Amino acid sequence: MSVINRGSLTARDRVGIQDFVLLDAYTSETAFMDNLRKRFNENLIYTYIGTLLVSVNPYKELGIYTKKQMDIYMGVNFFELPPHIFALADNVYRTMISETNNHFILISGESGAGKTEASKKVLQFYAVCCPSTRLLDNVRDRLLLSNPVLEAFGNAKTLKNDNSSQFGKYMDIQFDHQGAAVGGHILSYLLEKSRVVHQNHGERNFHIFYQLVEGGEDELLRWLGLERNCQKYRYLIQGECAKVSSINDKSDWKTVQKALTIIEFSEKDIEHLFAIIASVLHLGNVHFEASAHGYATLNSSAELLGIPSNILQEGLTHRKIEAKAEEVLSPFTAEHAKYARDALAKAIYGRTFTWLVNKINESLVNKDSTRKTVIGLLDIYGFEVFDVNSFEQFCINFCNEKLQQLFIQLTLKSEQEEYEMEGIEWEPVPYFNNKIICDLVEEKHRGIISILDEECLRPGEATDFTFLEKLEEKMCGHPHFVTHKLADQKTRKTLERGDFRLLHYAGEVTYSVVGFIDKNNDLLYRNIKEVRGFATVCILSWPDITEKIIDINSKIVATQFKSSLAGLTEILMTKDPWYVRCLKPNHCKQPDRFDDVMVRHQVKYLGLMEHLRVRRAGFAYRRRYEIFLKRYKALCPDTWPHWKGTPAEGVQRLIKHLGYKPDEYKMGRTKIFIRHPRTLFATEDAFEICKHELGKAPATSDKRRLPFPEGVVMILIETCWRGLQARRERERRAWAVKVIKKFIKGFMNRNQPVSMDNSDYLAFVRQSYLTRLKDNLPKSVLDKTIWLTPPPIMQEASVLLRKLHTRLLVRKYVRGISAQQKLQIKALTSDIFKGRKENYPQSVCQPFADTRISEQDINIKVLQLICPEGIKYSVPVIKYDRNGFRPRFRQLIFTQAAAYLVEEAKIKQRVNYSSLKGVSVSDLSDNFLILHVTCDDTKQKVGDCLLYLTRMHYTYTELLSFCSVRFDIQPGKEGFVDFKSSSESMVYRAKNGHLMVVSPHNPMHTT
C-alpha cells in the first residue's frame, strides 16, 4: 500500500517526494532519477515505492541509527515519519504480531550497496524493540553475534566492497505470541569457495585468515605453526593487498573470539576450527616439482588436520583408479597435483563453513514446541555484470531471475487481493514475464543447467567448448540466447568464440564458458575421500565432505544450487513479502557523489521502474476512511470539528466539498482510493493552509474557526493536556495504594488459611522463594548443607523439591560413571606406554572414545556378519601388504571373539584372539602396530599383520582388554621392519627388502 508522508508534500520541491508512487510522471526514468538524486544530495538516503524501501549507500556516517531514532520509529504508523529502515522493520514486526502470520524482508543489490549493513540494522532494531528477559537476551545476543562470525568466514574485500558477502544468507527470526525473539535458523547459499585458492588483483581471501594471522595470540600461532606475516602464505597474497586501511583485523579477531564464546562454541570446537584455517594456509604453501613421480613436500598441515603426512602426500600426488577388482594408483603431473591440492583446500573450507552455520543454528534453536511466528531476512547477491562473467555470475544472475519472478508474482498478488477485498474492479497490469528466461536456464532436460550436467556426467572427454556446442545445438533460435556462431554479423563482433549471451530481465549479459565444467563438477578424487577418513578433527570427519563420489547427481553444483533456490522459493511463498533495494551511488566509495549512469543501470536491473508501474497501474494512494477523515476533516464545514456519522459517509461528504471528479477516486469497503498524485497534493496543500487558519482570531460565521478569543486556543490545549496528565497520575497512585494495602493485609494474615485477603501475598512469597532457590541449589549429591529455609506455606513443597533434586544429582552422577571408566583406560595406557614410547606424551591430551568408526560408516554386509559377536571397538588403519609392503586402507574392528580387517564390503582377515600370540610396537614416535598370528597350516596365505593407525595407544589398550596376551610374513618365512629417527616422517621399502619406518625424533622425550 502506498501512502503519503506528513512532512513530504510541503518540502517536495527541495527534497523530492518520499514515495515514488506519488510521482506524476511515474513512467519516466528521468523523473525517477531526478527525485532520487535530489534526496541523496540532501542526505535523505531512503525513499519508498509503496512499502518497498529504496536505500542509497551514503558512504559516510549520518547519525540516523541511534537508540533515540529507534524509539522514534517504534510503534509509529509506517508513513507517519520520513522513510527509514527502522520504519519498515517496525511495520513488519507489528503486522506479524497483530495478524500472527509469517513475513520476510528481501534485501538485494550489488556488492557495496549496503545489503549487509541493512540486515544488521534490522537485527539491531529487533534487539531493542522486543521484550527482554535473561533468556531472551541470550537469544538476542546470539542472533546479533552470528553476524560477525559469518562475516569473518563468508565475507572478503573485493574491488567493489571492503566487506563483500561471498554467500547468500537467509535467516529466520522466531517470535513467541508476545513478540519476543526466542530462536532463529540460518540457511546459506553458494559460498564462493574458489576465493580460498585464488583472488583477483586488489582483492583478499576471506577475512578470518587475516584476522588469525594478524590478531591471533603468540601461543596460538606457535601451536598452529604460523608466522605473523601474511606475505608468507600463498593463499593470502595473490591479490597484493593483504593489509587494508579500512579493515582492522586485530579488532575484528577479538570480536569473533567473543562471538564464538557467546554462541557457545566449546574450546575443543574453537581449537579444531582454527587448526583447519591454519591447515588451509599451510596447504597453500605445498609445492610440487615436475619430477618423475610428482611427489610433494608437506609441512605441519597434515598434523593440524590429524592426517598422517604420508597419507596426505599420497592423496595429493596420486589418483586411485578402479580396474575390475583391483585398485591402481596413478601418479599426478605437477599441474594435476596443484589442482588436487586446491580442490582439497576448497572442500575443507566449504565443509568448515557448513559446519559453522550448523553450529550457530544449534545455539539458536528454539526448544519450545508451541507455534511461533517468523520474520525472515534474505540478504542475497544482486545482479552481476562484469567485464568477464563466469559460472559464479551465471548462478547469481539465475538466482536474481527467480527472485524477480517471485517479486512480480507476489506484488501483483497482493495488489489484486486488496482490490478484490475492497470491492474495486481489478485492472490487468501489463508486465514482462521472465518465465521464458527461467525456463531457458532450469527447464528439465532442455535447460542450460541440464545440458551442463549431462556434459559433466557423460563418458568421454568433456570440455567447456563441447558444452558450448551442445548449447548451440539445443538453444538455436531462442530469443534470449545467442553465441558467436548463432549471432548475426553485427552482434558477432561483440562476442568471442567461447562466449554465450543471455538476455536477462535486467539486460544482456555475456558469459565465458571457460571453467564451467570444472566449477560445476567441484571434483575431489576418490583417494582424498579416504584421506578424510583419517582426519581426527571432528569437523572434517563428517560423512559427505562435498566430494563427488557416492551420489554424483546430488553433488553437481548448478543442480544443487537450483534445488536450494527451489526450496527457498517454497519458503518465501508461504510468507508475506517486504523489500529493501540497495543502490550504490558510485564506484569510488566516495560520499556526496551521485553517478547517474551507474545508478540508472542499478534501477533497471533491480526492476524498480517495473515495480513502480505495477503499483501505479490502478490507484496511487489508498487509505482507511477513519485515518483519511481524521487528517482532512478540517477542510469541510460539515465534518469539522466532529462528524457524527460513519467514516465512509464523512469521507464522501468531504471529497464532495473538495470537488473530486468521479474518475479521480473510488470508494472501497474500508478505504478510499485516489488515482492521481496531483489530487492528493492539492488536498495536502489546502490542509497546510487550513492548519494555520485554525489558530487565528475567530470569525463566527465560519464553522471551521474556533469560537474563542485570539491566544486562548493554546491555553486551552495546554489545560487539556495538563488535565489528562493529572488524571493519569491519580489513577497510577490509586493503583499503587490498592496494591500496598493488599500486600500489608496479606502479610498480617500470612499464617491463616488461603483467602481473598492473603492469596496474592502468598503467591508472591511462593514465587520469591522458588526464584531464590533456583539460584542456590546444591551442586553435588554430597552437599547436604545448602538448602534455603522455606516459609511456612512452602515447607511441604520444599521437602518434595529437595528429594527430587537429590534424585536428579544422583542420576547425573550415575550417568557420569562411564567417564570414570574411561579414565581407568587412560591410566592403563599410561602404565603401558609412559617412558617407553616417544610419542606417548602427545596422546595424553587426546580424549578417549568408545569407537572411532560409527556403525553407519561400516558396510551393512559386514555388520550383518559380525554384529552377533558384538562390536567393541573400531578404528581406520592402513595395512601394509606382506609382499612389497604396499599400503591398503582398512577398518580394524574388535568384537568379543575376534579382530577383523575389513575393506568396504569384504572381510579381508579374521584373527581369533586365541591365535594371537603377541603384539609389537616400537619405542619411537611412529604409530605402527604388529599383530603376531599363530597358524599351523603353512599352505594358508595368512601371517602377521603390519598396521598403521593414528590412535595406536588406545587401540593397543583396547585390544588387551579383549584378550590375554619376530614378525612373520607367512609361516615358514621371516620378515623385518626397521625403525629409525629422523627430522621427517616416511615409510618405504628399503633396498635390503625390509620395511623402513622413519619417525621424527621428539626432543622433549627420550627413552
>> Checking the condition of a type in the set (Phe, Trp, Tyr), modelled with pLDDT under 85 and in contact with a Pro (Cβ under 9 Å, 6 or more places away or on another chain), which residue from Phe407, Phe386 passes?
In response: Phe407
> Could you count how many residues in the range 480-523 are of a type in the set (D, E, K, R), in contact with a helix residue (DSSP H, G or I) (Cβ under 6 Å, 6 or more places away or on another chain) and modelled with pLDDT of 85 or more?
Replying inline: 1
>> crowded, with 18+ Cβ neighbours inside 10 Å, under 24 Å from Ile375 (Cα atoms), at pLDDT 80 or above and hydrophobic (A, V, I, L, M, F, W, C): is that true of Ile49 in this structure?
In response: yes
> Gly746 versus (1) exposed (fewer than 15 other Cβ atoms within 10 Å of the Cβ); (2) not assigned by TED's automatic domain parsing to the domain that holds Leu801: which is the lone unmet condition?
Replying inline: (1)
>> Return the residues of the range 157-186 that are under 15 Å from the mean Cα position of the chain (by Cα) and either over 20 Å from Thr100 (Cβ atoms) or of a type in the set (Val, Ile, Thr) (or both); say none if nothing qualifies.
In response: Ser164, Ser165, Gln166, Phe167, Gly168, Lys169, Tyr170, Met171, Ile173, Ile186
>> Let me spell it out: the conditions are (1) in the same structural domain as Val844 (by TED's automatic domain parsing); (2) modelled with pLDDT under 65; (3) touching a helix residue (DSSP H, G or I) at 6+ places or on another chain (Cβ under 7 Å), and Lys941 meets all of them except one. Which number is the exception?
In response: (3)
>> Could you check the range 87-120 and list, in sequence order, the residues that are in contact with a Lys or Arg (Cβ under 7 Å, 6 or more places away or on another chain) and either more than 28 Å from Ile396 (Cβ to Cβ) or part of a strand (DSSP E or B) (or both)?
In response: His103, Phe104, Ile107, Ser108, Gly109
>> Being within 27 Å of Leu800 (Cβ to Cβ) and outside the structural domain of Leu801 (by TED's automatic domain parsing) is the requirement here; does Pro778 meet it?
In response: no
>> When the residues of the range 189-199 are narrowed to those that are assigned to a loop (DSSP other than H, G, I, E, B) and not β-branched (Val, Ile, Thr), which ends up surrounded by the fewest Cβ atoms within 10 Å (Cβ to Cβ)?
In response: His198
>> Condition (residue is surrounded by 14 or more Cβ atoms within 10 Å (Cβ to Cβ), touching a Leu at 6+ places or on another chain (Cβ under 6 Å) and at negative phi) applied to the range 249-262: is it met by at least one residue?
In response: yes
> Considering only residues of the range 346-382 that are touching an Asp or Glu at 6+ places or on another chain (Cβ under 7 Å) and among the hydrophobic types (A, V, I, L, M, F, W, C), which is surrounded by the most Cβ atoms within 10 Å (Cβ to Cβ)?
Replying inline: Ala347
> When the residues of the range 200-237 are filtered to those that are aromatic (Phe, Trp, Tyr) and in a helix (DSSP H, G or I), which remaining residue is farthest from the chain's Cα centre (by Cα)?
Replying inline: Trp223
> Which one of these is in contact with a helix residue (DSSP H, G or I) (Cβ under 9 Å, 6 or more places away or on another chain), at pLDDT below 80, under 20 Å from Ala275 (Cα atoms) and not in a helix (DSSP H, G or I): Ile311, Ile380, Ile307?
Replying inline: Ile307
> Are any residues in the range 65-86 under 19 Å from Leu52 (Cβ atoms), not hydroxyl-bearing (Ser, Thr, Tyr) and not in a loop (DSSP other than H, G, I, E, B), and if so, which ones?
Replying inline: Ile85, Phe86
> If you go through the range 238-285 one residue at a time, how many are part of a loop (DSSP other than H, G, I, E, B), farther than 24 Å from Gly202 by Cα and in contact with a helix residue (DSSP H, G or I) (Cβ under 8 Å, 6 or more places away or on another chain)?
Replying inline: 3
> Just a yes or no: is a residue in the range 412-428 on the phi < 0 side of the Ramachandran plot, of a type in the set (Asp, Glu) and under 24 Å from the mean Cα position of the chain (by Cα)?
Replying inline: no
> Mind checking whether some residue in the range 20-33 is within 22 Å of Arg678 (Cα to Cα) and under 29 Å from the mean Cα position of the chain (by Cα)?
Replying inline: no
>> Can you find a residue that is touching a strand residue (DSSP E or B) at 6+ places or on another chain (Cβ under 8 Å), in a loop (DSSP other than H, G, I, E, B) and surrounded by fewer than 22 Cβ atoms within 10 Å (Cβ to Cβ) anywhere in the range 52-60?
In response: no
>> Given the options Gln795, Gln752, Gln725, Gln767, name the one that is of a type in the set (S, T, N, Q) and modelled with pLDDT of 90 or more.
In response: Gln725
> Of the residues in the range 922-934, how many are crowded, with 18+ Cβ neighbours inside 10 Å and under 12 Å from Tyr840 (Cα atoms)?
Replying inline: 5
>> Within the range 155-170, take every residue that is in contact with a helix residue (DSSP H, G or I) (Cβ under 8 Å, 6 or more places away or on another chain) and not in a loop (DSSP other than H, G, I, E, B) and give me the one that is nearest to Tyr189 (Cα to Cα).
In response: Gly168
>> With the requirement that a residue be small (Gly, Ala, Ser) and in a strand (DSSP E or B), what does the range 871-921 give you?
In response: Ser874, Ala898, Ala899, Gly918, Ser920
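The values are calculated or read from the model by the stated rules, or taken from the named source; none is laboratory data. Since this is a predicted model, take the numbers as computed values, not measurements. No Cβ is skipped: glycine too gets one built from the backbone with ideal geometry, and neighbour counts run over all protein chains shown.
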